[in-house]
Every structure is written in C-alpha cells, then in structure tokens.
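Note sheet for the following structure.
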Amino acid sequence: MAVMKGQALVFVLAMAFAGFTGCVVSYDRPPARKNISILQPKEFSSTSPQQVHISVVGPDKMRISWITQSSAPTVVDYGTSPKAYTNTVTGTSSSYRYLLYESGQIHDTVIGPLNPNTAYYYRCSSDSTREFSFKTPPAQLPIKFAVIGDLGQTEWTSSTLRHIGQLNYDMLLVPGDLAYADMVQQLWDSFGRLVEPLASQRPWMVTQGNHEIEKIPVIHKAPFMAYNARWRMPFEESGSTSNLYYSFNVAGVHVIMLGSYTDFDPISDQFKWLQADLGKIDRGKTPWTIAIVHAPWYNTNCAHQGEPESDLMKKYMEKLLYKARVDIVFAGHVHAYERFTRVYDEKADNCAPTYITIGDGGNREGLANKYMDPKPETSVFREASFGYGELEVVNATDAVWTWHRNDDDVSVASDTVWFRSLSSDPACKL
C-alpha cells in the first residue's frame with residue numbers, strides 16, 4: 001500500500017484489512033527509505049583498523065574489537081591523553097569462512113584496569129593514522145542507557161544513530177537484530193563501519209535476534225557464526241557457557257542478556273544459568289535489575305503472534321524474573337514501540353516487570369503498524385514509528401524512561417514514565 005498514490009485508498013484498504021484481522025492501524029507509516037551500504041574508505045590499507053567497537057568486561061575492563069583485511073598486530077595502545085599511550089595490551093585474532101566468504105582478521109583485546117567515568121584514547125594495531133576515544137561508565141549511579149533494537153542498515157537507521165549520538169549516554173543496549181546481514185556476510189562489514197563512530201566511543205552490549213542465526217540446512221549447519229565471531233560479549237565472567245546469554249553489573253544495575261534463539265526450557269543450560277544468576281544478585285549493590293530478550297513475551301501488535309520464541313520462553317522463564325523482582329524487560333523483534341504496565345501472567349501486578357518492546361531502530365522490513373483491537377488494559381502506550389529509548393537510572397529508587405519518536409528526522413520525546421525500583425518497594429520484598 002505504501003506505493004499507492006491515493007492516500008484515501010490506502011486508508012480504506014487498511015481499515016478493511018484491520019476489520020478482517022481484528023487489528024487496527026494506529027499510525028500512518030512513514031515512507032520507506034533506502035538501504036545503505038558503507039564501503040571501506042579508499043584511503044584505508046589492508047591493515048587499517050576498521051569496524052571498531054567496544055564492550056565492558058567486568059567492572060574495570062573494556063574489550064576492544066576491530067577488523068583488518070590482512071594480518072596486523074593485535075595490540076591496543078591506550079592512555080588518558082590524546083596520542084600519549086602509556087599502556088599496551090596484546091590480544092587474540094581469529095577469522096571465519098561462510099560459504100565463499102572469508103572474513104578479515106577479527107581482533108579482540110581486553111584492556112584495563114580502567115578508572116570509572118574517565119576518557120581514554122586508543123589506537124588499534126599500532127596504526128597512528130586512526131585514533132579513537134571512549135568514556136568508561138560510572139562506578140555508581142546515576143547512569144544513562146540508550147536502547148535500540150532491530151537496527152539494520154537503512155536511511156532510517158542513520159537517522160536513529162544520529163539522534164543517539166546526540167545523547168550523553170554511558171552505554172547502549174541492543175535487544176537483537178543488528179546488521180540484517182541474513183547470510184550476506186559483506187553486510188556485516190558494512191554494518192561495522194556504519195556503527196563504528198558510536199560503537200568505538202561507548203560500550204555496546206548486545207544480544208542476538210533471528211536475523212543473526214544465518215543457518216543453512218546441510219550447507220551451513222552452524223548458527224550464529226558471524227555474530228559470535230564479531231560481537232563477543234563477556235559471557236564467561238557471568239558463568240555462562242554461551243555468547244548468546246550473559247549478565248553484567250554496571251554502576252547500580254544488573255543487566256541480563258537472554259537468548260531467544262537458543263534452548264531455554266527448564267533442562268537447558270540457559271535456564272539453569274538464569275536461575276543461578278538471579279540467585280546471586282545483591283540488590284544492596286545493584287538495586288536495579290533489567291533483562292533483555294529479542295522476541296517479546298508481551299505483545300499486542302498483530303506481528304509475531306504465536307511464536308514459540310516468545311510464548312514458550314515466557315512460559316518457562318517469566319516466573320523466574322517475577323520472583324527475582326526484575327524491574328524492566330526490553331525486547332525487539334516487533335518493528336514498533338509498546339510499553340506495558342507491570343504485568344505477570346497476563347495480569348497487572350505491582351511487583352512484576354514492566355515490559356517494553358523497542359524493535360524500531362530502522363530495519364529494512366518497515367514498521368509493524370497493525371495492533372490488536374480492543375487494546376488490553378495492560379498495554380499502556382503503543383505506536384508504530386521508528387525511534388529509540390533512553391533509560392536514566394537516577395538513584396537506587398528512581399529511574400526515568402523516555403521513548404523518542406524518530407519521525408521525519410526529528411527526535412520527539414513521545415512516551416515518558418518514571419519507575420520506582422522494586423527492591424525499594426516494601427510490598428515487593430524478596
């Protein structure tokens with residue numbers, strides 16, 4: 001319908017379709033935008049570091065990841081002043097093959113110990129032509145997270161990233177579906193170049209989505225090969241055996257990254273790991289707990305209904321999060337925004353997590369703009385627009401969440417709510 005010229009005809013057809021499906025169109029979808037591809041700059045040599053991104057490792061270390069097209073030293077030189085590198089750390093490198101594609105050298109170096117809330121300058125592979133800098137997260141509250149899901153590589157993605165870059169955030173959380181490479185491995189390289197300006201400056205903590213699976217029956221049986229090779233997260237530090245699920249502490253927040261597309265039933269490693277991880281949380285040190293999944297457990301959009309990654313994972317794991325008094329659960333997958341009240345077992349519950357779907361970063365598949373009608377009371381705010389979120393955890397008891405609509409290249413704060421931590425609510429004592 002987006003290619004039709006008659007807006008009246010579009011509306012009539014949309015409403016007629018909604019009547020047949022029991023869904024309503026809640027938003028006039030923005031026009032589609034082109035896919036973009038970021039090529040390697042011509043001035044780069046085969047040993048130039050590119051696709052640089054960082055992620056936290058424990059309380060005082062940072063992982064620096066980058067790619068060179070040919071062999072180069074896996075070293076990071078860094079310090080607290082520009083071009084004055086007082087430390088050098090050596091890491092490891094790897095590569096992978098996917099059908100006819102062969103990746104460049106993927107470098108992985110963990111640096112530290114680092115001071116909190118401090119700017120560091122660094123170079124990769126001893127290349128003096130490219131200097132990068134990052135700021136470490138604070139050791140204590142307050143802390144500010146940016147949250148974006150289902151990014152992809154379109155002109156909408158570029159607009160979202162531009163707005164994110166204007167935030168003074170400490171860390172970015174991504175609930176899956178990063179590059180939308182979908183087996184075209186060159187798109188992973190393009191995505192790495194697209195996000196490098198932001199991902200090299202602040203830690204990006206990610207989990208996987210369905211577009212990261214990239215499994216081909218018989219021909220390529222190993223799922224998540226590119227994702228695991230390129231976006232290594234600190235899973236070992238949390239006792240996880242898989243890069244697809246892990247947890248970490250930052251400032252006063254415990255963050256749990258779950259895998260929607262790996263085993264999650266009660267006999268699975270992920271279920272047992274989650275059970276153990278939740279049992280170790282010290283709410284005195286981390287009064288806030290948030291979880292990230294890709295496929296949402298609560299969703300009133302017509303898209304992605306009845307999927308086992310949502311329904312069965314919720315069936316098996318919802319009670320664990322509820323009993324642990326997890327504060328917020330972020331998800332992607334559905335290409336729209338939706339915020340629920342605190343809810344458990346389909347009912348409003350003041351001691352349950354708030355569920356937020358934010359799969360609207362800018363993917364090529366467009367928006368999911370049809371919602372179930374009537375709207376359940378547990379769904380507080382829903383809208384199909386591209387956008388991003390901002391979570392500022394102010395102190396041990398209070399946090400503010402803002403969803404910004406990214407419409408017509410203008411960032412508009414469209415949904416704002418204050419949260420009180422469940423650990424501070426006497427009625428929700430663990």
Sort through Arg342, Arg382 and tell me the only one that's in contact with a helix residue (DSSP H, G or I) (Cβ under 9 Å, 6 or more places away or on another chain) and modelled with pLDDT of 95 or more.
Arg342
Within region 412-425, can one find any residue that is buried (at least 23 other Cβ atoms within 10 Å of the Cβ) and closer than 30 Å to His211 by Cα?
no
Counting only residues in region 165-179 that are within 13 Å of the chain's Cα centre (by Cα) and not charged (D, E, K, R), the one surrounded by the most Cβ atoms within 10 Å (Cβ to Cβ) is identified as Pro175
Going through region 325-379 one residue at a time, which ones are in contact with a Ser or Thr (Cβ under 8 Å, 6 or more places away or on another chain), within 17 Å of Ile290 (Cβ to Cβ), of a type outside the set (D, E, K, R) and surrounded by fewer than 21 Cβ atoms within 10 Å (Cβ to Cβ)?
Thr341
Filtering region 154-174 down to residues that are touching a Ser or Thr at 6+ places or on another chain (Cβ under 6 Å) and either outside any helix (DSSP H, G or I) or of a type in the set (Ser, Thr, Tyr) (or both) yields none
Touching a residue at least 12 places away in the same chain (Cβ under 8 Å) and acidic (Asp, Glu) - does that describe any residue in region 75-98?
yes
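Would you point out the residue of region 145-164, among those that are small (Gly, Ala, Ser) and under 29 Å from Tyr98 (Cβ atoms), that is surrounded by the fewest Cβ atoms within 10 Å (Cβ to Cβ)?
Looking only at region 145-164, we keep the residues that are small (Gly, Ala, Ser), and these are 146, 149, 152, 158-159.
Checking which are under 29 Å from Tyr98 (Cβ atoms) leaves us with 149, 152, 158.
Details: Gly149: 32, Gly152: 24, Ser158: 16.
Step by step, filter region 145-164, then rank; the result is Ser158.
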Which numbered condition Asn363 fails, given (1) modelled with pLDDT of 95 or more; (2) over 23 Å from Ile256 (Cβ atoms):
(1)
So in region 197-241, with the set limited to residues that are of a type in the set (Gly, Ala, Ser) and surrounded by fewer than 17 Cβ atoms within 10 Å (Cβ to Cβ), which one is modelled with the highest pLDDT?
Gly239
Members of region 175-188 that are in contact with a helix residue (DSSP H, G or I) (Cβ under 9 Å, 6 or more places away or on another chain) and either acidic (Asp, Glu) or assigned to a helix (DSSP H, G or I) (or both):
Asp177, Asp182, Trp188
Looking only at region 376-394, which residues are assigned to a strand (DSSP E or B) and either under 10 Å from Glu338 (Cβ atoms) or of a type in the set (Lys, Arg) (or both)?
Ser379, Val380, Phe381, Arg382, Glu383
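Taking region 112-126, which residues are surrounded by 18 or more Cβ atoms within 10 Å (Cβ to Cβ) and not in a loop (DSSP other than H, G, I, E, B)?
Residues satisfying the conditions are Tyr120, Tyr122, Arg123, Cys124.
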Name the residue, out of Ala413, Ala352, that is assigned by TED's automatic domain parsing to the domain that holds Lys280 and part of a strand (DSSP E or B).
Ala413
If only one of Thr109, Thr129 is in a strand (DSSP E or B) and not assigned by TED's automatic domain parsing to the domain that holds Thr357, which one is it?
Thr109
Hey, can you tell me all the residues within region 219-275 that are under 28 Å from Ala139 (Cβ atoms), free of Cβ contacts under 8 Å to residues at least 60 places away in the same chain and among the aromatic types (Phe, Trp, Tyr)?
Phe235, Tyr245, Tyr246, Trp273
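Could you say which residue among Phe264, Phe271 is among the aromatic types (Phe, Trp, Tyr) and surrounded by fewer than 21 Cβ atoms within 10 Å (Cβ to Cβ)?
Among Phe264, Phe271, only Phe271 is among the aromatic types (Phe, Trp, Tyr) and surrounded by fewer than 21 Cβ atoms within 10 Å (Cβ to Cβ).
The values are calculated or read from the model by the stated rules, or taken from the named source; none is laboratory data. What you see is a predicted model, and the numbers here were worked out from it, not measured in a lab. Here Cβ is always computed from backbone atoms with ideal geometry, including for glycine, and neighbour counts include all displayed protein chains.
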